[in-house]
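The values are calculated or read from the model by the stated rules, or taken from the named source; none is laboratory data. These numbers were taken from a predicted model, which means no experiment stands behind them. Glycine gets a Cβ as well: all are built from the backbone with ideal geometry, and neighbour counts include every protein chain shown. Accessible surface areas use protein heavy atoms only, side chains included; no ligands, DNA or RNA. Shrake-Rupley method; radii C 1.70, N 1.55, O 1.52, S 1.80 Å.
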Amino acid sequence: MVERMVGKQAPRFEMDAVMPNKEFKKVSLEENMKNGKWTVLFFYPMDFTFVCPTEITAMSERYGEFQDLDAEVIGVSTDTIHTHLAWINTDRQDNGLGDLHYPLAADTNHVVSREYGVLIEEEGIALRGLFIINPEGELMYQVVFHNNIGRDVNETLRVLQALQTGGLCPANWKPGQKTL
């Protein structure tokens, strides 16, 4: 049976990652919490695929808006940091990523994907999962969907802003509107 995650402490993680400057470093939920940051953690299936680069680059193009909301973005797949780097070093017109403004983490042992409930065990890849975690480590939002569909960055930003109001946001709430 699937266990509820929203409203509970998010599974802690530390993973190797390719940073925006193309160096290999660790990323962790604890570090974001220590810095008082929200965490937007998203999983995608594989590097060098077709839908993934569209959403990864869209998130990167809007990264400044996440920063303005005190949020750190971390992209994750089960590929290695070396594959991530090769993909980043590939031009966008050649199905690559080009430069990114946030880290891509490598969950090569599948631990984090499994803990967040997005691992397709028989394939060793993740579903598209998006998790928003507050600075106290509480998982505030999750959405997981089929790998054929890319996520909506506008909706991710809207949900993050709604969560940060601390209020009750009605259907179709937009930033700047009143809460209930």
If the Cβ limit is 6 Å and pairs must be 6+ apart or interchain, which residue in region 50-73 that is at positive phi pairs with which residue that is open to solvent by 10 Å² or more (accessible area, probe 1.4 Å) and outside any helix (DSSP H, G or I)?
-> ASP70/LYS37; ASP70/TRP38
From the list THR165, THR108, which one is more than 22 Å from PHE66 (Cβ to Cβ), in contact with a Ser or Thr (Cβ under 6 Å, 6 or more places away or on another chain), open to solvent by 30 Å² or more (accessible area, probe 1.4 Å) and of a type in the set (S, T, N, Q)?
-> THR108
How do the pairs read when you match residues in region 104-115 that are among the charged types (D, E, K, R) with residues anywhere that are assigned to a strand (DSSP E or B), using Cβ under 9 Å and keeping only pairs 6 or more apart or on different chains?
-> ASP107/MET15; ASP107/PHE43; ASP107/VAL76; ASP107/SER77; ASP107/LEU119; ASP107/ALA126
Residue, nearest to LYS34 (Cα to Cα), within region 139-148, restricted to residues that are under 15 Å from the mean Cα position of the chain (by Cα) and open to solvent by 10 Å² or more (accessible area, probe 1.4 Å) = MET140
Region 56-81: number of residues that are out of contact with any Ser or Thr (no Cβ under 7 Å at 6 or more places or on another chain) and either at pLDDT below 95 or of a type in the set (S, T, N, Q) (or both) | 4
Of the residues GLY150, GLY167, which is touching a Cys at 6+ places or on another chain (Cβ under 9 Å) and at pLDDT below 95?
-> GLY150
Consider TRP173 against the criteria (1) farther than 17 Å from GLY75 by Cβ; (2) open to solvent by 50 Å² or more (accessible area, probe 1.4 Å): it satisfies all of them except one. Which criterion is unmet?
-> (2)
